[in-house]
1. If I filter region 421-443 down to residues being out of contact with any helix residue (DSSP H, G or I) (no Cβ under 9 Å at 6 or more places or on another chain) and among the polar types (S, T, N, Q), which single residue comes out as surrounded by the most Cβ atoms within 10 Å (Cβ to Cβ)?
2. Just name the residue that is farthest from Ser501 (Cα to Cα) out of those in region 55-89 that are among the aliphatic types (A, V, I, L, M) and in contact with a strand residue (DSSP E or B) (Cβ under 8 Å, 6 or more places away or on another chain).
3. Has region 107-123 got any residue that is buried (at least 21 other Cβ atoms within 10 Å of the Cβ), of a type in the set (Lys, Arg), out of contact with any strand residue (DSSP E or B) (no Cβ under 8 Å at 6 or more places or on another chain) and modelled with pLDDT of 95 or more?
4. On the basis of being at pLDDT 95 or above, within 27 Å of the chain's Cα centre (by Cα), among the charged types (D, E, K, R) and not in a strand (DSSP E or B), does Glu66 make the cut?
5. How many residues, within region 188-219, are of a type in the set (S, T, N, Q) and in a helix (DSSP H, G or I)?
6. Scan region 242-258 for residues that are surrounded by 22 or more Cβ atoms within 10 Å (Cβ to Cβ) and among the β-branched types (Val, Ile, Thr) and report the count.
7. Filter region 395-420 down to the residues that are in a loop (DSSP other than H, G, I, E, B) and either within 16 Å of Ser466 (Cβ to Cβ) or open to solvent by 80 Å² or more (accessible area, probe 1.4 Å) (or both) and list them by number.
8. Quick one: which residue in Ala75, Ala61 is within 30 Å of Ala24 (Cα to Cα), open to solvent by 30 Å² or more (accessible area, probe 1.4 Å) and of a type in the set (A, V, I, L, M, F, W, C)?
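The values are calculated or read from the model by the stated rules, or taken from the named source; none is laboratory data. Small disclaimer: the values here were computed from a predicted structure and weren't measured. Here the Cβ is made from the backbone with ideal geometry for all residues, glycine too, and neighbour counts use every protein chain on show. Remember, those area values only see protein heavy atoms, side chains included, never the ligands or the DNA or RNA. Shrake-Rupley method; radii C 1.70, N 1.55, O 1.52, S 1.80 Å.
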Amino acid sequence: AAHSFFTDDKLHLRILCNDSARCAGLQATHYSPRGRRIHFDYSRQQVTGETMELLFDLADAVGFTERRAAMRAGARINTTENRAVLHHVLRMPKGYNYASNPNGPAILKDVHRVRDLIEDFSEQVRCGEYEGLTGKPFKNVLCIGIGGSYLGPEFVYEALKADRDAERASEGKTLRFLANVDPVDFHLCTRDLDPEETLVVVISKTFTTVETMLNARTVRKWLVDSIKGSEKDIVSRHMVAVSCNIPKCQEFGISDKRIFGFWDFVGGRFSVCSAVGLLPLSLHYSYEVMTEFLAGAHNIDEHFFKSPLRDNIPIILGLLGVWNSTFLGYETRAILPYAQALKRFPAHIQQVDMESNGKGVALDGTPILHRTGEVDFGEPGTSGQHSFYQLMHQGRVVPADFIGFMEPQHGTFLPGEPVSNHDELMANFFAQPDALAYGKTLNDLIQEGVKQELREHRVFPGNRPSSSILMTKLDAYAVGQLLAIYEHRTAVQGFIWGINSFDQWGVELGKTLAKQVRTQLRSSRRTGASVQGFNNSTSSLLEKYLAHAATNNT
């Protein structure tokens, strides 16, 4: 069936997209409070109604509904780490009936215990009740973390910078993220901050992540060197932690009262709704704004767990991902938000999806014989159109998700212009999926009178699949919805493929090898030890690096 979409001209998207009955059947709409809507159109995907029924049959065959229910109920579906997967619980409102999980009420109570602590502390800081050691109010928050402790919070931060409510709530405040161990990142983050007005949030589940802890020690020294007082008093006042490892936080000097916990049932890349994201973002935007974000994510959680498969946006997205990658053989996927505020959304979903589904074995440890995972990338429109869309139109086929909004965060309409700036943006949002689907034939070019020597260069094959997500407006609630849609899409694909989407053993090997290199660098710098124990290529590069570093004090 999949092969037919490459060989049968009647299945070219320029033909399929003119079938009104087909197109009407390949849409879904989710309604949420206050007149909000999410319109999902996947009629430009290389599918027919029959294709979708086969994909729903596949979901039934692999026991998808049962796997989804097991996730919701708190079963330990992360089998390699023997953990439940409960990031959706972080979004449940107080008093929610979580009876599907035998331990649900206790888990939810603990979640809200931490949320209450975050609400109280963030408001104390924001109103000036909790201030720096020298009596100055905290105007700056410096967030130290990497991977899921950074990408998710940064995406939400950027998404809300121009939202009117969030913008008002953050007036006069600065939030920065220190992730890279490259000393330039520390320099750029701190060079114009007053340490006396800076609160530091160190985020590490284990409080042992090498890059994060080196950055934390670097920032600790910056604070201690700049503020009058003892190191103990400075650290306990100016540094707080989000971690599961309380003893390590205490050893670092952080006060017991300023350690905000989260749980092993929340993976790093799924942790933005925990204290990982909620604490720094509440400090900056207010807990009230972030409550809206959590409410939007919970709204999609309910949709994902309770809506029928054929009306379920995350499920359909996931099935289309399996279809495009496993059956049609497309190895990449573009996330294209037509909203500048979502400029870091593709990077976050890149981690969510590629760290989750970049696996080579099934749940039982046997090799997978089919393709899994995609290479995710993206940029906001229209900037991306002037970057990589050339390849999408005339080079490789890259399935794409276009994300747009009916209302702008900020509107601009210049006198004499034919349309507003937002309408100009959205004109491209509507046009690009059609350009990818229809393309332009040689006959079209002949009829347009294009010079013969240019015709072949200006042929667009078309038949490039895409989906369109059109939402009402981009605010905290919608950001939460969008996050949850893509988190659940990732889980859907993992369930269908029969893999564990919730571990990440692939990130460990490089870390282990880095320890060996670190030991070598230390020995060579301190005692002049020769490079030993590496292959020829690595040894040669290390020797060149050390020889240069010896004369440049690096």
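1. Per the criteria, the residue is Asn421.
2. My answer is Ala84.
3. Scanning region 107-123, I find at least one residue that is buried (at least 21 other Cβ atoms within 10 Å of the Cβ), of a type in the set (Lys, Arg), out of contact with any strand residue (DSSP E or B) (no Cβ under 8 Å at 6 or more places or on another chain) and modelled with pLDDT of 95 or more, so the answer is yes.
4. Judged against the criteria, Glu66 is a match.
5. Number satisfying all stated conditions: 4.
6. Number of matching residues: 2.
7. Residues satisfying the conditions are Gly395, Arg396, Val397, Val398, Pro399, His410, Phe413, Leu414, Pro415, Gly416, Glu417, Pro418.
8. Answer to the check: Ala61.
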